[in-house]
Amino acid sequence: ASSPYFKSFIKERQKLEYDVLFVGADKGRGEYLVQLETNMRSLGLKTRFIIVASGRLSKKKDYYQKPMPYLDVVELITKSKAILNVAMENQQGMTLRDMESMFFGVKLLTTNKNIVREEFYNPNNVFVVDGLNMEGLPNFLDKPYLPVSAEIKAKHTFDSFINEITCDESTE
């Protein structure tokens, strides 16, 4: 199972400022992220990429920015049309970015090809990024987000997670 999401983080959508948002640690993805952002900007998209060092001992790179509190990340999500998830190799299950897409009603761009197997997947809301190919991305971003059902969302809340791990099956 994936990590649950805290409903208390969910905020109202704000006036859009960005087409694509990325916030995360380098984890060996930095150069690829910089290239992706360059390609997106060449398509006329407004991006906000915040790449932070993977750890204190990481070599400094000129594109690194300061880490930010999660509530500041949430604020950026509310002002973005889509969030980018560059999955780690062998990524299984849903990630925090996948949850944010679902709970905030923002589109998801992801390198995780397995996303099509997730029950919340909808080709209208999720764009699978293949290498540096951004063909079709502007059209995808122009389509409206189709909300995920309340039943699917409910399965991914912290409340549901607690219920699942504390449920006494002998009383069912």
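The values are calculated or read from the model by the stated rules, or taken from the named source; none is laboratory data. This one's a predicted model, so the numbers in the text were calculated from it and none came from an experiment. Every residue, glycine as well, gets a Cβ built from its backbone with ideal geometry; the counts of neighbours run over all protein chains shown. Side chains included, ligands, DNA and RNA excluded: accessible areas come from the protein's heavy atoms. Shrake-Rupley method; radii C 1.70, N 1.55, O 1.52, S 1.80 Å.
Output the residues belonging to region 124-133 that are crowded, with 19+ Cβ neighbours inside 10 Å and either out of contact with any Leu (no Cβ under 8 Å at 6 or more places or on another chain) or outside any loop (DSSP other than H, G, I, E, B) (or both). Within region 124-133, Val126, Phe127 meet the criteria.
Name the one entry in Thr110, Thr47 that is under 21 Å from Lys153 (Cα atoms) and of a type in the set (S, T, N, Q). Write out each step before concluding.
Values: Thr47 fails: under 21 Å from Lys153 (Cα atoms).
None of the others qualify; the one that does is Thr110.
Looking only at region 8-32, which residues are surrounded by fewer than 18 Cβ atoms within 10 Å (Cβ to Cβ) and outside any loop (DSSP other than H, G, I, E, B)? Before you say what the answer is, go through the steps one by one.
Let us first name the residues in region 8-32 that are surrounded by fewer than 18 Cβ atoms within 10 Å (Cβ to Cβ), namely 8-17, 25, 27-28, 31-32.
Hits for region 8-32 are Ser8, Phe9, Ala25, Glu31, Tyr32.
For every residue, the table says whether it meets (1) in a loop (DSSP other than H, G, I, E, B); (2) in contact with a helix residue (DSSP H, G or I) (Cβ under 8 Å, 6 or more places away or on another chain).
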{"site": "Val116", "(1), (2)": "no, no"}
{"site": "Glu119", "(1), (2)": "yes, yes"}
{"site": "Asn122", "(1), (2)": "yes, no"}
{"site": "Glu135", "(1), (2)": "yes, no"}
{"site": "Asn139", "(1), (2)": "no, no"}
{"site": "Pro144", "(1), (2)": "yes, no"}
{"site": "Pro147", "(1), (2)": "yes, no"}
{"site": "Ile152", "(1), (2)": "no, yes"}
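Return a yes/no flag: does region 102-122 have any residue that is at pLDDT 95 or above, open to solvent by 10 Å² or more (accessible area, probe 1.4 Å), under 19 Å from Arg13 (Cβ atoms) and touching a Phe, Trp or Tyr at 6+ places or on another chain (Cβ under 7 Å). Scanning region 102-122, I find no residue that is at pLDDT 95 or above, open to solvent by 10 Å² or more (accessible area, probe 1.4 Å), under 19 Å from Arg13 (Cβ atoms) and touching a Phe, Trp or Tyr at 6+ places or on another chain (Cβ under 7 Å), so the answer is no. Scan region 134-172 for residues that are among the hydroxyl-bearing types (Ser, Thr, Tyr), over 28 Å from Asp19 (Cβ atoms) and modelled with pLDDT of 85 or more and the total you get is 0. Of the residues making up region 71-100, just one is of a type in the set (A, V, I, L, M, F, W, C), within 20 Å of Gly131 (Cβ to Cβ) and open to solvent by 50 Å² or more (accessible area, probe 1.4 Å), namely Met88.
Among the residues of region 33-66, write down those that are touching a residue at least 40 places away in the same chain (Cβ under 8 Å) and either closer than 21 Å to Val106 by Cβ or assigned to a loop (DSSP other than H, G, I, E, B) (or both). It would help to see each step written out before you state the result.
Here is the first cut: in region 33-66, the residues touching a residue at least 40 places away in the same chain (Cβ under 8 Å) are 33, 35-36, 39-40, 43-45.
Within region 33-66, Leu33, Leu36, Asn39, Met40, Leu43, Gly44, Leu45 meet the criteria.
Mind counting the residues in region 67-104 that are under 23 Å from Tyr32 (Cβ atoms), charged (D, E, K, R) and part of a loop (DSSP other than H, G, I, E, B)? Result for region 67-104: 1.
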